[in-house]
Every structure is written in structure tokens, then in C-alpha cells.
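The values are calculated or read from the model by the stated rules, or taken from the named source; none is laboratory data. Only a predicted model underlies this, so the values are computations on that prediction, with no experimental measurement involved. Neighbour counts are summed over all protein chains in view; Cβ atoms, including those assigned to glycine, are modelled from backbone coordinates with ideal geometry.
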Amino acid sequence: MNISSAIFDRSAPDLDSCPDESLPEFAFIGRSNVGKSSLLNMLSGKLNLARVSPTPGFTKLINIFTMNKRWRLVDLPGYGFAQVARKEKTQFNRSVASYLKDRPNLCCVFALIDSGLPPQQIDLEFVEWLASNSVPFVLVFTKTDRVTATTVRTNIAAFTDRISGWCVTPPEIFTCSAKTKQGRRELLAVIEEAMTAAEAESGQPPQDDETPPEDLPITSRKAKAREIRANRPNPARPW
């Protein structure tokens, strides 16, 4: 996949402020300081797509970008930054949880993990939450240029061992480095594959009584999202 255009759409404080559900979305999230902004800039080929800040927890809203006019890249707030006020942090978590559970056009979550660290409890809890809520996801181990290949393999093995009982099928695992651009082609291939499947599915004629998702009331949209989740044969994959 080539990225020919990346256009900022909006910063949304909650699910209801997000754009319509007409385009497939791919969300990126991870513990604060996992290198998410650098990774998004590397994937898009745009140095300033996501702001890289020395202050962990800088992203506080759901930032949405339209890519190639075909799909959306969603930059979600990081979790685990202690300096965020308790009330504010609770609101962030509520908004992110609502987006992840109730966004019908969310195709896949890229859960970012620091490859240089052994399994962190906060990452394990988040992945367990994704699995228990049938949110489709893949694991992306970041910053591989900063540690040895042996360390990366050891930490990945330890992490996958800890989550082995949470998914019917283990999630796909990728490694990446924003500095060396390792993993860029593989991650974009995940998006391309999901896009192909989504476009093929959308080619099917809709049922006569089917209402477009954006025209549904909030409660009905949430019910439709749950239905979509339930119909996915493998909760670790979006297709």
C-alpha cells in the first residue's frame, strides 16, 4: 500500500464526536511513551502527521486522519501516564472504551508494546480487555532498534505466554522500528488486506430493511456494533 494522502479530519473527545461510519478505521493505541506518534509518522510517510512530544500522555483526544480517501487512521490516547489528573484520565478511558467497543467500522486495533520491556501489567490488562470485548487486534512490538534481537524474542515469548488463554486464536504479532522503518510494509499489508475484505463485503447488496449506521440512534449503533463483533469468527482478527 502506498500512502498518497493523509488528511487530518478532527480531534474527537468522545465517540459521538467522531465522523460518520462510512470508511473503515484502524486504531493505534499503547502505553504512554511506547513510540506511537513516531510509528504513525513512519507508517504515513508524513513527518508531522502525529505530534511527537517529549511529554508522555500528550495525546488526549481521539485524533482521526483520512488516508488515501479510503480509510481512517485513528490515534487513540495512550494509557498509563500517572501525571494525568484522575478525573481527566477516567474520562479518557471511558471515551476510548466506548470507541473500541461501539464503533461499527473499526476494523482492527494495533496494540503497541515496548519490545525492550518484559510484560507490563498495564499492557496485559489492556490486551485482556480487548480479547474479552471481542475487539479485533494485532500486537505490534515497537522500538526494536534500541535492544538486541534476543531481548525482543524473549520479551515477545513472555508476553504471548501470558496472554495465551485469552484468545481462541493467538493474535498476529509484528515488530517495528520508527527509526529503521522496520515493519512498515507488514503493518500496511494488514490494513490493505482488511480493506480488500471490507470492500468486498460492502459490494453485497444491503437488506431492504437495513438502516445506514450513521442514521441509527446511539443505542441502536451500539447494538449494531455488538452484532458485528459477535459475527466475526475470530475476535483476534478483523476479517
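Filtered by the rule that a residue be out of contact with any helix residue (DSSP H, G or I) (no Cβ under 7 Å at 6 or more places or on another chain) and either assigned to a loop (DSSP other than H, G, I, E, B) or touching a residue at least 60 places away in the same chain (Cβ under 8 Å) (or both), the stretch 141-153 gives 143, 147, 148.
One line per residue, one yes/no per condition, for (1) of a type in the set (Lys, Arg); (2) modelled with pLDDT under 90; (3) outside any strand (DSSP E or B):
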{"position": "39", "(1), (2), (3)": "no, no, yes"}
{"position": "50", "(1), (2), (3)": "no, yes, yes"}
{"position": "69", "(1), (2), (3)": "yes, no, yes"}
{"position": "90", "(1), (2), (3)": "no, yes, yes"}
{"position": "111", "(1), (2), (3)": "no, no, no"}
{"position": "117", "(1), (2), (3)": "no, no, yes"}
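I want to confirm something. Restricting to the stretch 159-169 and keeping residues that are at pLDDT below 95 and within 19 Å of residue 29 (Cβ to Cβ), which single residue is surrounded by the fewest Cβ atoms within 10 Å (Cβ to Cβ)? The extreme case among them is 166. In the stretch 102-109, the count of residues that are on the phi > 0 side of the Ramachandran plot, in contact with a strand residue (DSSP E or B) (Cβ under 9 Å, 6 or more places away or on another chain) and outside any helix (DSSP H, G or I) is zero. Number of residues in the stretch 154-180 that are among the basic types (Lys, Arg) and under 12 Å from residue 116 (Cβ atoms) equals 0.
Is it the case that some residue within the stretch 183-196 is at pLDDT 95 or above, within 13 Å of residue 115 (Cβ to Cβ) and of a type outside the set (Lys, Arg)? Yes, the stretch 183-196 has at least one match.
Restricted to the stretch 135-155, and to residues there that are among the hydroxyl-bearing types (Ser, Thr, Tyr) and buried (at least 16 other Cβ atoms within 10 Å of the Cβ), the residue that is nearest to residue 190 (Cα to Cα) is 142. For residue 156, indicate whether it is in a helix (DSSP H, G or I) and modelled with pLDDT under 95. For residue 156, the condition - in a helix (DSSP H, G or I) and modelled with pLDDT under 95 - is not met.
Is the stretch 116-130 home to any residue that is over 30 Å from residue 48 (Cα atoms), surrounded by 13 or more Cβ atoms within 10 Å (Cβ to Cβ), without any contact (Cβ under 8 Å) to a residue 40 or more places away in the chain and of a type outside the set (A, V, I, L, M, F, W, C)? The answer is yes; a qualifying residue exists. Every listed requirement among (1) at pLDDT 95 or above; (2) farther than 24 Å from residue 191 by Cα; (3) touching a helix residue (DSSP H, G or I) at 6+ places or on another chain (Cβ under 9 Å); (4) of a type in the set (Gly, Ala, Ser) is met by residue 80 save one, (1).
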